[in-house]
Structures are given as C-alpha cells and as structure tokens.
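K.L.:
Following this message is one structure expressed as structure tokens.
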Amino acid sequence: MSAVVTQTYKKKAKPLSTCLFFLFCITAFQVTTAYGDRDCVGNNCDQDGNYWVKVKRLPDMLPLPDWNGQKSVPGNTETSGKRQFCTIAYLEGRPRTMFDPQVSIYGPASDSKYILKNGGHSVPVTLEIESVAGKAPQDKTEFKPGQSITLTGNNGFSLCRNNELIITATVRQEDILKTGMTGNYRSLFRFSSESTMDGKSLGPAWMEFEVTLKILPVIQISQLGNIPLIPSGNSAKGSHRFCVYAMGSNTFSLEASSLTGTSRPEQKFALKNGDNNYINYELTVTDSKATSKSYDKNSNQEGFSATDDYQCSSTNMIVEVIVPDINKPAGTYIDTMTFTVTPD
C-alpha cells in the first residue's frame, strides 16, 4: 500500500508545480505592459492603480514676437512637424475608459489677469486653450486665475496623441501702452491637470512653461488734418495742433516732406495750382516745451519732446504754415505735407 500512495502523490505534484509557474509569468507580464510610459518623468503624471492623469510634451518656452506697435502680440505652444502637448485622464483597460480632466494655469496675476513682469512693471497676458484640428474637440476657452476649465474626455479618442491641445498667449497693444515701459517681460506658469474618476481623485499632474515678450521703443503721431490758409495783405498763415506720443524715448526727430517740393530745385516747399503756378511757403513746428524748428524744404530735425500720454488726450505739438507772398494768379493752391517721426 505504501508504494501505491507514493506513486499517486508524485503524479499530482508535477502538474501543480507547472501551473503555478505559468500563472506567475502571465501576471508579471501584464503589470509591465499596463504601467510603462516613457513620457512620465516626474510631476507630469499621477497614478492610482490603473487610473491615470497625464500631461505630456508641453514646451517649456512660449516666446512672443517682439512688440513694435502691433495691435496685439500672439504666440502659442504649437511645434511645427511634431506632436503637440496633451492631457488625458483615464482608466486603463481594453478599451480605455476616458474621464474629464480639470485643467488650470498657475502663475503671476493681478486684478484677475495673468501678467508678464519686468522688474516693478507688468503687462497683462491672455492665456487660452483649444484643441488641435482633427483631434478630440475642445472649445477655445480663456483661463482665469484661480479657476479651472473642464475638458471633455471622449472614449473615441483614448490616446494622448488623439487629445492634442494648443495654449495661446496674447498681449494687447492697449495694455502695453498703459504699461508705458520698454524692455524684456517674462513669467513662469504651471499648467495643471487633475480628475475625479470613480471616486478616485488624481492629480495634479503638471508641467511648466515660460512666456516672454520684448517691448521695443515706439512712437505715434496723430490728430493731423487739413490746414486752411487765411490771407492777410500779401501773405497768408494757418496753424494746426497735433500729438506725438513716444514710449522708450523722451525726444524725437521730425521729418517734413512736401509732395510738390520733392520735384522742385532744392526740394523747396510750394503750393501748386492746376496751371503749374507755385507759391513758396515755410512752416514752424513747436512742442509743448517751446522747442521750435523751422522748415522751408524737405528735411529732418531733432530734439522735439514727446508726450507720455498714449491716448493723446491733449495735443502737444503745433505746426504753423507761413506764405510770405501770395501775389500769384488766382486759383486754388494745394500741397500735401508728410510728417515722419522717429525716436532720437
């Protein structure tokens, strides 16, 4: 009887040992496949079992074009010829179950607006997010400090590359002019993503990016108009007030150019009628600090003072036109004068 019992035990033990080894190998293989992601390199991913929140491929720099007077200065995180940044929240499986990420941006802000800083000066910047064309659709939405935006998870777009996004930063001309200071502006921002999935709160997963802007010196001339000349004896005069604003320079040069004078000897200023009769004239330009320059031909003069009121709520310049001698054939005499201003 002992021999029979011994043989039965050996026959059952061999397949039991093989089965345990086989199950162990399968389990280890599945864990490695589900959790591997070479793009998770720090704070940009958060995990709880098979639940994940991820932020991937966000560029660390978002440079805006130099500003030299444009109505607005936009820039974005789009990278040419490469995958764009993305964020997703999901339960790993086959298929994946997608959840809605709540995304936010943290960084310098003032008066409920994000700002770029230059020492003690700052300029507001608008930050917006939208989906890449052809990817999981997300409406274009503006970020607000202290508030989150809910993106829509879609089971039909289960991979991060199917959920690519673009962040756009925009600085407006009006805000730059209010700031009134040239130089290099920059701020570091943190894009954060989190989600609540089946009662599990994950995140934030985050990546940082820096927005930069260089504000160059600018100058603006406004409020010019037609100047009627009033005869007085054998001469005539007229004047007109206008405004010159400058940022980044206290003084400027003014070039005066006569359309008629351009084709005359020495480019002397002149009024002209339809019969090709000419009347010479000259003009004087004076700024708010009583700096006065005279012109009688196409030329450029320096040393005028500009206003720092970007709205030019009051004029700071005056041009006077003097016609010494109007003893010419009757008719209507005109000329077009062009003023060009340049920071000194």
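K.L.:
Which length gain, in nm to one decimal place, applies between Ser263 and Asn327 when the Cα-Cα distance is subtracted from 0.36 nm times their residue separation?
P.N.:
Length gained between Ser263 and Asn327: 20.8 nm.
K.L.:
What does the convex hull of the Cα atoms come to per residue for region 185-227, in Å³?
P.N.:
Convex hull volume per residue, Cα atoms: 110 Å³.
K.L.:
Next up: Along region 253-261, what does the Karplus equation 6.51 cos²θ - 1.76 cosθ + 1.60 (θ = phi - 60°) give for ³J(HN,Hα), rounded to whole Hz, x for Gly and Pro?
P.N.:
3J(HN,Hα) across region 253-261, in whole Hz: 9, 10, 9, 10, 9, 8, 4, 5, x.
K.L.:
Another question about this same structure. What number in nm² do you get for region 140-268 if you take the convex hull of its Cα atoms and divide its surface by four?
P.N.:
16.3
K.L.:
By the scheme Lys and Arg +1, Asp and Glu -1, what is the net charge of all other residues having a beta-carbon under 13 Å from that of Trp206?
P.N.:
Once all neighbours under 13 Å are counted, the net charge is -1.
K.L.:
Still on this structure, I have one more. To the nearest 20 debye, what is the magnitude of the charge dipole of the chain about its Cα centre, counting +1 on the Cβ of each Lys and Arg and -1 on the Cβ of each Asp and Glu?
P.N.:
The dipole magnitude comes to about 1860 debye.
K.L.:
Follow-up question, since we're still on this one. Given the whole protein assembly as supplied and a 1.4 Å probe, what does the accessible area of Val341 come to in Å², nearest 10?
P.N.:
For Val341, the solvent-accessible surface is approximately 20 Å².
K.L.:
For Val123, what charge total do you get from the other residues with a beta carbon under 13 Å from its beta carbon, if Lys and Arg give +1 and Asp and Glu give -1?
P.N.:
Charge balance in the 13 Å sphere: +3.
K.L.:
Translational D (Stokes-Einstein, µm²/s) of region 152-202 at 37 °C and 0.692 mPa s when Rh comes from the Kirkwood sum over C-alpha pairs?
P.N.:
Value of D from the Cα-based Kirkwood radius: 212 µm²/s.
K.L.:
Would you mind estimating how fast region 34-166 diffuses translationally, via Stokes-Einstein at 25 °C and 0.890 mPa s with the Kirkwood radius over Cα pairs, in µm²/s?
P.N.:
It comes out at roughly 148 µm²/s.
K.L.:
Oh, and also: Relative to a virtual label point 7 Å from the Cα of Asp308 in the Cα→beta-carbon direction, which members of region 201-221 show backbone nitrogen distances below 20 Å?
P.N.:
The answer is 215-221, whose backbone nitrogens lie closer than 20 Å to the label point.
K.L.:
Straight-line reach from Lys117: which lysines have a Cα under 24 Å away, not including same-chain ones fewer than 8 places off?
P.N.:
Those lysines meeting the cut-off are Lys71, Lys144, Lys178, Lys214.
K.L.:
With labels modelled as points extended 7 Å from the Cα through the Cβ direction, what inter-label distance (nm, one decimal) is found for Ser112 paired with Asp198?
P.N.:
According to this spin-label approximation, the distance is 4.0 nm.
K.L.:
Which residues in region 235-260 have a backbone N closer than 13 Å to a point placed 7 Å from the Cα of Ile318 along the Cα-to-Cβ line?
P.N.:
238-242
K.L.:
Mind giving me the nanometre distance, one decimal, between the label points for Thr141 and Asp37, set 7 Å out from Cα along Cα→Cβ?
P.N.:
2.0
K.L.:
Same structure again: Identify which of Thr126, Thr307, Thr284 has the largest mean-square fluctuation in a Gaussian network model of the chain, with springs joining Cα atoms closer than 10 Å.
P.N.:
Thr284
K.L.:
For the chain, just run the numbers: alpha carbon Rg, then divide by 2.2 N^0.38 Å, N being how many residues it has.
P.N.:
Output field value: 1.78.
K.L.:
Please state the relative contact order of the chain as a whole percent: Cα pairs under 8 Å, 6+ residues apart?
P.N.:
Dividing the mean separation by the residue count of the chain yields 16 percent.
K.L.:
Relative to the longest principal Cα axis of the chain, at what angle does helix 2-35 sit, 0 to 90 degrees, rounded to 10?
P.N.:
On a 0 to 90 degree scale, this one is about 0.
K.L.:
Further, regarding this structure: Can you give me the distance in nm between label points at Ser288 and Lys71, each placed 7 Å from the Cα along the Cα-to-Cβ direction?
P.N.:
2.8
K.L.:
If you don't mind, another one. Taking only Cα atoms and a 10 Å spring cutoff, compute GNM fluctuations for the chain and point out the largest among Arg57, Arg38, Arg264.
P.N.:
Of Arg57, Arg38, Arg264, the most mobile in the Gaussian network model is Arg38.
K.L.:
Now a separate question. For region 239-311 and region 202-229, what is the separation of their C-alpha centers, rounded to whole Å?
P.N.:
Computed from Cα coordinates, the inter-centre distance equals 28 Å.
K.L.:
Here is a further query. Taking R0 as 56 Å, what's the FRET efficiency between Thr342 and Arg83 from their Cβ-Cβ distance, rounded to 0.05?
P.N.:
Step by step, r from the Cβ atoms, then E = 0.80.
The values are calculated or read from the model by the stated rules, or taken from the named source; none is laboratory data. In this text the structure is predicted, and so the values were computed from the model without any measurement. Neighbour counts run over all protein chains shown; Cβ positions are idealised from the backbone, glycine included. Surface areas here come from the heavy atoms of the whole protein model, side chains and all, with no ligands, DNA or RNA. Shrake-Rupley method; radii C 1.70, N 1.55, O 1.52, S 1.80 Å.
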